[in-house]
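> Supplied in structure tokens, the structure appears directly below.
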């Protein structure tokens, strides 16, 4: 059976993307690769609204979270923690021997510009990490507003857009993001294995004076090969072909604004369904994500039984993450998912639970 994934990554991948990935292999140091790399990067810049360099890493997004702190934290970092993945960035920062504090928020709350401005004013930080769209809680941080206050502090602005890029607009240059990173297996609707990040000139220059950057994720090494339209190590070439093809579909067939509107429609559809059934949503409406909804299980649905029943119907269900398991559940509506498919999924949940 071909299951439909309603989990916040990996997401379903279209057959035509797989076909694009199946083209004959090429050498990673040859002209054909350089052409593919350059064309893909040009499209990524349009997706991200940036003129900055964009690196492509054969890794998960976690690798580029580590890269961001290894290259851009020289003295002390402030990690904003309001969910599982934003808190993980604090763990990564500390594991790399960096001095760091965490601005701890209740899971489900959104970091505001005022909170971050106040926190940055308390110490001599030189970097700030922020998760734009917290996958564990369905909270989208008000990135545009936060960006305005970050400009008043001399910090490297490091942003995880793992579950938002390709579904929610992220204006990298206007918001002065120094490192904006994401993986391809969520709203981009590709198989896992590649991660991408934009790097500002200021971040690149700063990294030159940061010690112990390692090698695999050293921005200076990435830049050396980037100038030759190559990657430092052997890239996952089939995935790169798929990314190039998918970007064509996003930019030229659907169009970015249409894609953002489709995700907004699916977010609104899910939130309306939840309320109509009697559930509550974890985040405030103004911070509710358009790619993944976190629903409070106020009706005490047996999430594990529902997961088994949905699997038999051809769907993969997402329980709450970590400590929120069974008390919450998540509904992903991202990637190439259509509103009609989402409606069928929600109707199936209604049928199985008697809601």
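> If one computes the Cα centroid of the stretch 223-287 and of the stretch 309-333, what distance in Å separates the two points?
20
> In nm, to one decimal, how far is the modelled label at residue 353 from the one at residue 51, with both set 7 Å along Cα→Cβ?
Calculated label separation equals 4.9 nm.
> On full extension of the chain, what length is gained from residue 151 through residue 208, given 0.36 nm per residue of separation minus the C-alpha to C-alpha distance?
The span from residue 151 to residue 208 would gain 18.3 nm if fully extended.
> Calculate, in whole percent, how much of the Cα-Cα pair population of the stretch 65-172 lies beyond 19 Å. Let's see the in-between values first.
On the way: 2137 of 5778 pairs.
Above the 19 Å cut-off, the stretch 65-172 has 37 percent of its Cα pairs.
> Follow-up question, since we're still on this one. Quick one, can you get me the convex hull of the C-alpha atoms of the stretch 15-252 expressed as volume per residue in Å³?
Cα convex hull per residue, to the nearest whole number: 108 Å³.
> Starting from the 7 Å offset along Cα-to-Cβ, what nm value, one decimal, do you get for the label separation of residue 91 and residue 254?
3.1
> For residue 264 and residue 34, what is the calculated FRET efficiency with R₀ set at 41 Å and r taken between the beta-carbons, to the nearest 0.05?
Here the calculated transfer efficiency is 0.65.
> What's the ranking of 104-116, 136-148 by average number of surrounding C-beta atoms within 10 Å, highest first?
In descending order of packing, they fall as 136-148, 104-116.
> Before rounding to the nearest 500, sum -39500 (n - 2.57) across all DSSP H runs of length at least 4 in the chain and divide by the residue total; then give [θ] at 222 nm in deg cm²/dmol.
So the calculated ellipticity at 222 nm is -12000 deg cm²/dmol.
> Something else: When only Cα pairs under 8 Å and 6 or more residues apart are kept, what is the percent relative contact order across the stretch 15-252? Could the numbers behind the result be given before it?
Numbers: 462 pairs, mean separation 69.4, N = 238.
Once normalised by length, the contact order is 29 percent.
> A further question on this structure: Over the Cα atoms of the stretch 227-305, what Rg and Dmax result, in angstrom?
Rg then Dmax for the stretch 227-305, in Å: 19.1, 57.
> Ranked from highest to lowest mean number of other Cβ atoms within 10 Å per residue, what is the order of the peptides 62-73, 277-288, 315-326?
62-73, 315-326, 277-288
> For the stretch 28-125, just the Cα atoms, rotate onto the principal axes and tell me the three extents in Å, largest first.
Principal-axis extents of the stretch 28-125 (Cα, largest first): 50, 28, 25 Å.
> May I pose another question? Grab the Cα-Cα distance for residue 117 and residue 225, subtract it from 0.36 nm times how many residues apart they are, and report the gain in nm with one decimal.
Length difference between fully extended and current span is 35.2 nm.
> Then there's this: According to a simple spin-label model (label point 7 Å from Cα along Cα-to-Cβ), what is the distance in nm between residue 277 and residue 326?
In this crude label model, residue 326 to residue 277 measures out at 1.8 nm.
> Moving on. Can you check what the Kirkwood hydrodynamic radius comes to for the stretch 102-161, Cα pairs only, in Å to one decimal?
On the way: mean 1/r = 0.0848 Å⁻¹.
About 11.8 Å, per the Kirkwood formula over Cα pairs.
Throughout, read-outs are computed from the coordinates displayed, never taken from laboratory work. Predicted model only: the values in this text are computed from it and were never measured. Cβ sites come from the backbone with ideal geometry, for glycine too, and all protein chains shown count toward neighbours.
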